[in-house]
Structure formats: structure tokens, C-alpha cells
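Here it is, the structure in full.
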Amino acid sequence: MQITPLNAAIGAQVDGVDLAAGLDAEAFTAVRQAWLDHCMLLFRGQTLTPEQLTAFAARFGPLEPPPGSEKDLRADSGADEAKDMWIISNVIEDGKAIGALGDGEAEWHSDMTYLDIPPTASVLYGHEVPPYGANTWFANMYRAWDKMPADLRSEIDHRRALHNSSYTSAGELRKGMADVTDVRQAPGAVHPMVIEHPETSREALFLGRRTNAYIKDMELADSEALLDRLWDYCIGADFTYTHNWQPGDVLIWDNRSTLHRRDAFDPSHRRILWRCQISGSALPSAHAA
Ligand SMILES: [Fe+2]
């Protein structure tokens with residue numbers, strides 16, 4: 001097994017591993033440590049069944065089902081062998097989307113931070129990918145926090161923020177949700193803005209997403225201005241990696257220490273990704289108020 005950083009900011013490529021065959025205990029320990037160290041891992045050239053993908057993902061912890069709003073987008077129709085996997089796709093079959101998120105851009109986010117306990121990790125497998133476009137970007141929030149100017153750090157290190165649950169990262173209103181008219185009253189979860197990672201104990205910036213975010217106990221205009229400064233800063237080139245998909249790619253990222261986004265792509269191209277998500281644990285503040 002070879003583990004090679006993708007760039008100075010985030011991610012590593014793991015070569016010499018066949019995920020379909022499974023990993024022995026020693027190999028998995030190395031992969032898991034690399035995932036914690038590099039925040040995101042890439043495995044190229046894999047050929048996986050739904051069972052093999054879910055078996056790999058489940059090594060990292062208990063799997064959890066897709067969000068309620070996306071349950072009817074499972075292309076597997078609830079087949080047992082794929083019950084813990086769901087589909088990200090723009091493909092329409094018989095007039096119905098077979099997966100979530102369509103072909104548009106998805107804004108920078110961590111997955112499902114509108115829950116009190118967001119997932120630990122997400123896994124994507126490139127079952128069918130377009131020839132270009134639909135790149136997935138990642139940003140390292142340990143690094144963003146470590147390098148953040150002191151004046152900006154001091155403005156947030158005891159703060160908490162509201163992570164709104166109303167929209168998907170593709171900007172679609174979730175089922176049963178109403179438009180947000182006041183971010184201070186929006187539904188969602190409140191998290192520390194700087195967390196202590198539950199496994200590495202390292203401190204990381206934890207922003208969720210920009211849309212409808214609100215920093216608790218601040219005037220609305222001040223919250224908006226500070227959030228804009230933070231987002232301008234934390235998605236700079238010094239913190240990011242852009243992934244160009246190839247069929248057979250497997251990505252796993254640490255949802256606690258990263259952000260990700262997706263470029264839009266040509267709607268005439270097919271894209272089918274299989275996805276698993278690992279259940280999370282509580283996210284303590286790095287700096288108790
Ligand atoms: Fe996501």
C-alpha cells in the first residue's frame with residue numbers, strides 16, 4: 001500500500017489496495033489513520049458491488065440511512081444488499097430521478113450539520129461519471145483554523161452558529177420545510193464554530209454552509225459580515241483540492257474536518273455515484289464558553 005498526499009492542503013491517494021477484496025486489520029488500521037491525518041482519501045480504479053462498497057464504509061462505523069427528504073430517491077428500490085447505500089445522480093428513468101442533487105452546482109458544505117449529531121464520514125463511488133465537469137472540491141478546516149489570522153480567530157473561538165436544515169446543498173427546499181425568512185429563527189442545529197475533533201483532538205473550524213447560517217447572540221448584520229469574512233478566507237486555494245472524477249474512484253472524507261462542494265455539469269451527461277454515510281458522535285467545542 002502506498003499513501004501519497006494529493007497536495008499540501010488536503011487529501012491522499014491510496015494505491016495498491018483492492019477494496020472489493022477487503023482490507024485485513026493491519027491494512028485497515030493504516031487506511032483509517034491516513035483518513036484522519038489527510039481528511040480525505042482517494043482510491044482509483046476500484047470495481048465494487050453495493051455490498052462491497054457498504055462493507056468498506058461500515059469498517060469506519062455504523063452506517064446511517066439517507067436524509068428523509070431523499071429516501072424516495074434510492075435507485076435500489078430498497079433492495080436488501082444496498083439498503084445502506086443511496087444514489088447521487090442526474091439520471092431520469094421513466095420520468096423519475098434515480099438519485100439526488102441533479103446536475104447543478106452544490107455549494108460548499110459539510111454533510112448534514114443541521115443535525116445535532118452530524119455524520120462522521122461520507123463515502124462516494126464513481127459508478128458512472130461524465131467526461132468532464134462535476135468536480136468535487138474539498139477544503140481542510142484544521143488548516144483553515146491553524147492558519148487563521150489572530151484577529152479573526154478571536155472573533156469566533158467561543159462562538160456558536162445555527163446550521164439551517166431547510167435546503168439541500170443544491171439549493172432545493174427539503175420536503176416539509178418552509179422558506180427561511182429570518183435566519184435567527186430558522187430550524188436546524190447549533191454547533192461550536194471551532195470544534196475539538198472527537199478522534200484526533202485537533203481543533204477545526206466548523207462552518208457547515210453559508211446559506212442561512214447565523215452566529216448566535218450577534219446582531220444579524222454583524223453575523224452576516226463575519227460569516228462572509230470567514231467564508232472568503234476558508235475556501236482559498238491554500239486549503240483546497242479539486243477532484244476530477246474517473247470511473248471507479250472511491251472517496252472517503254472526514255465530515256468533521258472538511259468542507260466540500262460540487263461543480264455543475266453538462267445535463268446531457270450521465271453521472272451516477274453510490275454513497276454511504278457513517279453515523280457521527282457529539283462535536284465538543286474547542287473553547288468552552
Ligand atoms: Fe455533501
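How much FRET efficiency would the formula 1/(1 + (r/R0)^6) give for Ala97 and Thr49, where r is the Cβ-Cβ distance and R0 is 22 Å, rounded to 0.05?
So the FRET efficiency works out to roughly 0.45.
Contour minus end-to-end for Asp24 and Gln2, with contour as 0.36 nm per residue of separation and end-to-end as the Cα-Cα distance?
Length difference between fully extended and current span is 6.4 nm.
While we're looking at this one, here's another question. Please give the calculated 222 nm ellipticity per residue for the chain, where each DSSP H segment of at least 4 residues contributes -39500 (n - 2.57) and the sum is spread over every residue; nearest 500 deg cm²/dmol?
-5000 deg cm²/dmol
While we're here: Given the options Gly16, Pro119, Leu6, identify the residue whose Cα lies farthest towards the positive end of the charge dipole of the chain (+1 on Cβ of Lys, Arg; -1 on Cβ of Asp, Glu).
Positive-most Cα among the choices belongs to Pro119.
Under 13 Å from a point placed 7 Å out from the Cα of Met177 along the Cα-to-Cβ direction: which residues of segment 115-144 have their backbone N that close?
The answer is 115.
Would you mind calculating the relative contact order of the chain from Cα pairs under 8 angstrom and at least 6 residues apart, reporting the percent as a whole number?
That works out to 32 percent.
When N is the residue count of segment 2-278, what does its C-alpha Rg come to as a fraction of 2.2 N^0.38 Å?
0.99
Throughout, read-outs are computed from the coordinates displayed, never taken from laboratory work. On a predicted model such as this, the values are computed, not experimentally measured, just so you know. Backbone-built Cβ (ideal geometry, glycine too); neighbour counts: all protein chains shown.
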